[in-house]
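Peer 1: Structure provided below as structure tokens; questions to follow.
The values are calculated or read from the model by the stated rules, or taken from the named source; none is laboratory data. Since the structure is predicted, the reported quantities are computational estimates derived from the model, not experimental observations. Every residue, glycine as well, gets a Cβ built from its backbone with ideal geometry; the counts of neighbours run over all protein chains shown.
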Amino acid sequence: MEHLSNISDTLAAFHSDLNRIQTVAGTLAQVEQQHYNYLTKYDDERLTRIAVTQQNSSRQLGEIKQLCLAMAQKIEEIQSMAKK
Amino acid sequence: MGLLAKLLRGVVNEVADDTVRTMLRDQYVENLFELVPVMKKVSPINLAEIGMRAAKGTPVSRPLGSHLHFSPWEKLLFSPVHLFRFPTPENVGINTSVKIGPRAKKPLSISIPVMIAAMSFGGALSKHAKIALARAATMAGTATNTGEAGLLEEERQAAQLLIGQYNRGGWLNSKEKYSRLDAIEIQLGQGAQGSSSQRTPAKNIGEEYREVFGLKEGQDALIHSRLNGVNTKEDFIELVRRLKEETGVPVGLKIAATHHLEKELQIVLDAGCDFVTVDGAEGGTHGGEPILEDDVGLPTIYAVSRAAQFLAGKGAGGDVSLLATGGLVTPGQMLKAMALGADAVYIGTAAVMAMVGDQITRALPFEPPTGMVVYTGKMTDQLDVAKSAQNLFYFLNACIREMELVAATLGKVALADISKEDMVALDPFLAKALKIDLGFVPPERQDVFYDGETTH
């Protein structure tokens, strides 16, 4: 029983951490996109290259956010099944 | 103007006058202008290939697939929104990620829905080219594909996500090799060559190629028309189940698009494949016989649409990922393939062109540009791997950015949300075939266009 309680606590902790990671990833994705917008204002080839890398990072962070959301949802499903 | 220039100008003028006079006066039998109608009738490509066949007596090996444009992508347009539904605000990020094989124990997640197509080391590309493709894919957060080859260690190391082809040559089919992949694509055919067998003669196989493929000196590399051990539907089902169980990664099938598509897809479902790759007739290759490239298969546009409709009809739309490939060159074509139902696309020719980019000048005018990237090319050492990876990464980024702009004008927040309801067709037959509204008439009058209406 104690074992099950531990699993439940661990799942709750994972769920909380995943929400934190997805929030950070989402925020950083936005920041990277803003950097892209700033850097492309100057019409400078070198800055544009950096901007493109930022834009790509923004997408990959967006992917992490989606993965975290999906994992958090899965944990919620497991938690609700465990309660039943 | 100098004396020499004046003299030269005079000579050119005389020659030009004489040429035009001859072309306009002489009859065809003694006129070089005869070549113009001949070229128009036969086409320069066919004329050259007639000559090549006549010179050697063997089938021509044409690089990069068919020159024919089977899929009328330009007859589909996306429909922007303004008030009826609002466009996506510019500060909202568009989700571009995709999960391939969501039912697999270890699905393949990619940041962008564009992957690098199967182009094998040795059979097609040089080691430098393969490494550059893998590096670019890694930078962009997407996957690259081994093609029909063995496991090239340098490619595995450079690729964060590597899809490997369980192939008809048998070069990647040992557990020790396929266990190191992020997804397994069982290769039974390709758009440019159908399911025909292919042979790379031993004279074109170097030491490293032999090592990666496990070939003996003097041995040809042979791709059989069938996969060893798969002679019945049940054999295939058993193979898929075994690979899934042994690896946990997504296991899928790649086929050349065909009018028998639905029958093939039913077996894909029976086997429990995690994804299916449909390679349209426009698919490229390092070198294929023109008859297989031009006269065999099914165009990508119809293949994707039919496959998506079949999977949806069987309730497998979300479970079995559909990967489209074959002649997708522009971001618009790639996005239209996704709107028709593909979860992601592979690009080959465009990726190679992007990778070479402005390095093309090193090959021209005395060598073809492919000479820098194909295994048997004379200038493979001239390809700058870092520059090539960067070029392709920029190309991928630009393509995805263009797709994001379309998503925003459609009022979408994810590329995956774009569907055929966001498009119109400019051809009645295409509209009917793809089940897309015809752009000539409003949505509520679609049937009237086809059935006719009585005038009052």
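Peer 1: Only one residue in B:Leu410, B:Leu438, B:Leu396, B:Leu405 is assigned by TED's automatic domain parsing to the domain that holds B:Ser305, free of Cβ contacts under 8 Å to residues at least 40 places away in the same chain, farther than 30 Å from B:Glu207 by Cβ and among the hydrophobic types (A, V, I, L, M, F, W, C). Which one? Working first, answer last.
Peer 2: Details: B:Leu410 fails: free of Cβ contacts under 8 Å to residues at least 40 places away in the same chain; B:Leu438 fails: assigned by TED's automatic domain parsing to the domain that holds B:Ser305; B:Leu396 fails: free of Cβ contacts under 8 Å to residues at least 40 places away in the same chain.
Going through B:Leu410, B:Leu438, B:Leu396, B:Leu405 in turn, just one is assigned by TED's automatic domain parsing to the domain that holds B:Ser305, free of Cβ contacts under 8 Å to residues at least 40 places away in the same chain, farther than 30 Å from B:Glu207 by Cβ and among the hydrophobic types (A, V, I, L, M, F, W, C): B:Leu405.
Peer 1: Among the residues of segment B:74-93, how many are crowded, with 24+ Cβ neighbours inside 10 Å and facing another protein chain (nearest Cβ under 9 Å)? Let's see the steps before the verdict.
Peer 2: The initial filter retains those residues of segment B:74-93 that are crowded, with 24+ Cβ neighbours inside 10 Å, namely B:76.
Subsequent filtering for residues that are facing another protein chain (nearest Cβ under 9 Å) retains none.
Residues flagged as crowded, with 24+ Cβ neighbours inside 10 Å and facing another protein chain (nearest Cβ under 9 Å) within segment B:74-93 amount to 0.
Peer 1: Where residues in segment B:330-378 are among the charged types (D, E, K, R) and in a helix (DSSP H, G or I), which of them is surrounded by the fewest Cβ atoms within 10 Å (Cβ to Cβ)? Working first, answer last.
Peer 2: Going residue by residue through segment B:330-378, those that are among the charged types (D, E, K, R) are B:336, B:343, B:358, B:362, B:367, B:378.
From the residues that got through so far, the ones that are in a helix (DSSP H, G or I) too are B:336, B:358, B:362.
On the way: B:Lys336: 30, B:Asp358: 8, B:Arg362: 15.
That would be B:Asp358.
Peer 1: If the requirement is being more than 14 Å from chain B (Cβ to nearest Cβ), in a helix (DSSP H, G or I), under 12 Å from the mean Cα position of the chain (by Cα) and small (Gly, Ala, Ser), which of these qualifies: A:Ala13, A:Ala72?
Peer 2: Working: A:Ala13 fails: under 12 Å from the mean Cα position of the chain (by Cα).
After applying the criteria, what remains is A:Ala72.
Peer 1: Something else: Quick check on B:Thr142: is it surrounded by fewer than 20 Cβ atoms within 10 Å (Cβ to Cβ), within 14 Å of chain A (Cβ to nearest Cβ) and within 17 Å of B:Leu108 (Cβ to Cβ)? Lay out the reasoning, then the answer.
Peer 2: On the way: surrounded by fewer than 20 Cβ atoms within 10 Å (Cβ to Cβ): no; within 14 Å of chain A (Cβ to nearest Cβ): yes; within 17 Å of B:Leu108 (Cβ to Cβ): yes.
Against the criterion (surrounded by fewer than 20 Cβ atoms within 10 Å (Cβ to Cβ), within 14 Å of chain A (Cβ to nearest Cβ) and within 17 Å of B:Leu108 (Cβ to Cβ)), B:Thr142 does not qualify.
Peer 1: Looking at (1) in contact with a strand residue (DSSP E or B) (Cβ under 7 Å, 6 or more places away or on another chain); (2) at pLDDT 95 or above; (3) part of a loop (DSSP other than H, G, I, E, B), which one does B:Ala303 not meet, given that it meets all the others?
Peer 2: Looking at each condition in turn, B:Ala303 falls short on (3).
Peer 1: Would you pick out the residues in segment B:176-205 that are of a type in the set (Asp, Glu) and either surrounded by 15 or more Cβ atoms within 10 Å (Cβ to Cβ) or in contact with a strand residue (DSSP E or B) (Cβ under 6 Å, 6 or more places away or on another chain) (or both)? Show your work before the answer.
Peer 2: Kept after step one, since they are of a type in the set (Asp, Glu), are these residues of segment B:176-205: B:176, B:182, B:185.
Once the filter is applied, which keeps residues that are of a type in the set (Asp, Glu) and either surrounded by 15 or more Cβ atoms within 10 Å (Cβ to Cβ) or in contact with a strand residue (DSSP E or B) (Cβ under 6 Å, 6 or more places away or on another chain) (or both), segment B:176-205 yields B:Asp182, B:Glu185.
Peer 1: Follow-up question, since we're still on this one. Mind checking which helices (runs of 4 or more DSSP H) fall wholly inside segment B:175-249 and carry at least 3 residues that are touching a residue at least 60 places away in the same chain (Cβ under 8 Å)?
Peer 2: Working: elements: B:175-178, B:207-213, B:233-247.
Where helices (runs of 4 or more DSSP H) fall fully within segment B:175-249 and carry at least 3 residues being touching a residue at least 60 places away in the same chain (Cβ under 8 Å), they are B:207-213, B:233-247.
Peer 1: Next up: Scan segment B:123-156 residue by residue and report those that are β-branched (Val, Ile, Thr) and either under 21 Å from A:Glu63 (Cα atoms) or in contact (Cβ under 8 Å) with a residue 60 or more places away in the chain (or both).
Peer 2: First, pick out the residues of segment B:123-156 that are β-branched (Val, Ile, Thr): B:131, B:138, B:142, B:144, B:146.
B:Ile131, B:Thr138, B:Thr142, B:Thr144, listed by residue number.
Peer 1: Of A:Arg20, A:Arg49, which residue is without any contact (Cβ under 8 Å) to a residue 24 or more places away in the chain, in a helix (DSSP H, G or I), of a type in the set (D, E, K, R) and within 13 Å of chain B (Cβ to nearest Cβ)? Spell out the reasoning first.
Peer 2: On the way: A:Arg20 fails: within 13 Å of chain B (Cβ to nearest Cβ).
Testing whether each residue is without any contact (Cβ under 8 Å) to a residue 24 or more places away in the chain, in a helix (DSSP H, G or I), of a type in the set (D, E, K, R) and within 13 Å of chain B (Cβ to nearest Cβ) leaves just A:Arg49.
Peer 1: For B:Val424, state whether it is part of a strand (DSSP E or B), modelled with pLDDT of 95 or more, touching a helix residue (DSSP H, G or I) at 6+ places or on another chain (Cβ under 9 Å) and not charged (D, E, K, R). Break it down into steps so the answer makes sense when it comes.
Peer 2: Numbers: part of a strand (DSSP E or B): yes; modelled with pLDDT of 95 or more: yes; touching a helix residue (DSSP H, G or I) at 6+ places or on another chain (Cβ under 9 Å): yes; not charged (D, E, K, R): yes.
The answer is yes for B:Val424.
Peer 1: A further question on this structure: So which residues in segment B:100-114 are within 11 Å of chain A (Cβ to nearest Cβ) and either under 20 Å from the mean Cα position of the chain (by Cα) or assigned to a loop (DSSP other than H, G, I, E, B) (or both)? Can you show your working first?
Peer 2: Pass one, segment B:100-114, residues within 11 Å of chain A (Cβ to nearest Cβ): B:102, B:107, B:109-113.
Once the filter is applied, which keeps residues that are within 11 Å of chain A (Cβ to nearest Cβ) and either under 20 Å from the mean Cα position of the chain (by Cα) or assigned to a loop (DSSP other than H, G, I, E, B) (or both), segment B:100-114 yields B:Pro102, B:Pro107, B:Ile110, B:Ser111, B:Ile112, B:Pro113.
Peer 1: Give the residue that is farthest from B:Gly93 (Cα to Cα), with candidates limited to residues of segment A:26-46 that are crowded, with 19+ Cβ neighbours inside 10 Å, in contact with a Leu (Cβ under 9 Å, 6 or more places away or on another chain) and within 11 Å of another protein chain (Cβ to nearest Cβ). Spell out how you get there, then give the answer.
Peer 2: Here is the first cut: in segment A:26-46, the residues crowded, with 19+ Cβ neighbours inside 10 Å are A:29, A:32-33, A:36, A:39.
Filter again for in contact with a Leu (Cβ under 9 Å, 6 or more places away or on another chain), leaving A:29, A:32, A:39.
This time we only want the ones that are within 11 Å of another protein chain (Cβ to nearest Cβ), so: A:29, A:32.
Values: A:Ala29: 8, A:Glu32: 11 Å.
Looking at residues that are crowded, with 19+ Cβ neighbours inside 10 Å, in contact with a Leu (Cβ under 9 Å, 6 or more places away or on another chain) and within 11 Å of another protein chain (Cβ to nearest Cβ), I get A:Glu32.
Peer 1: Yes or no: B:Arg168 surrounded by fewer than 19 Cβ atoms within 10 Å (Cβ to Cβ) and either in contact with a strand residue (DSSP E or B) (Cβ under 8 Å, 6 or more places away or on another chain) or not assigned by TED's automatic domain parsing to the domain that holds B:Ser120 (or both)? Let's see the steps before the verdict.
Peer 2: Working: surrounded by fewer than 19 Cβ atoms within 10 Å (Cβ to Cβ): no; either in contact with a strand residue (DSSP E or B) (Cβ under 8 Å, 6 or more places away or on another chain) or not assigned by TED's automatic domain parsing to the domain that holds B:Ser120 (or both): yes.
No, not satisfied.
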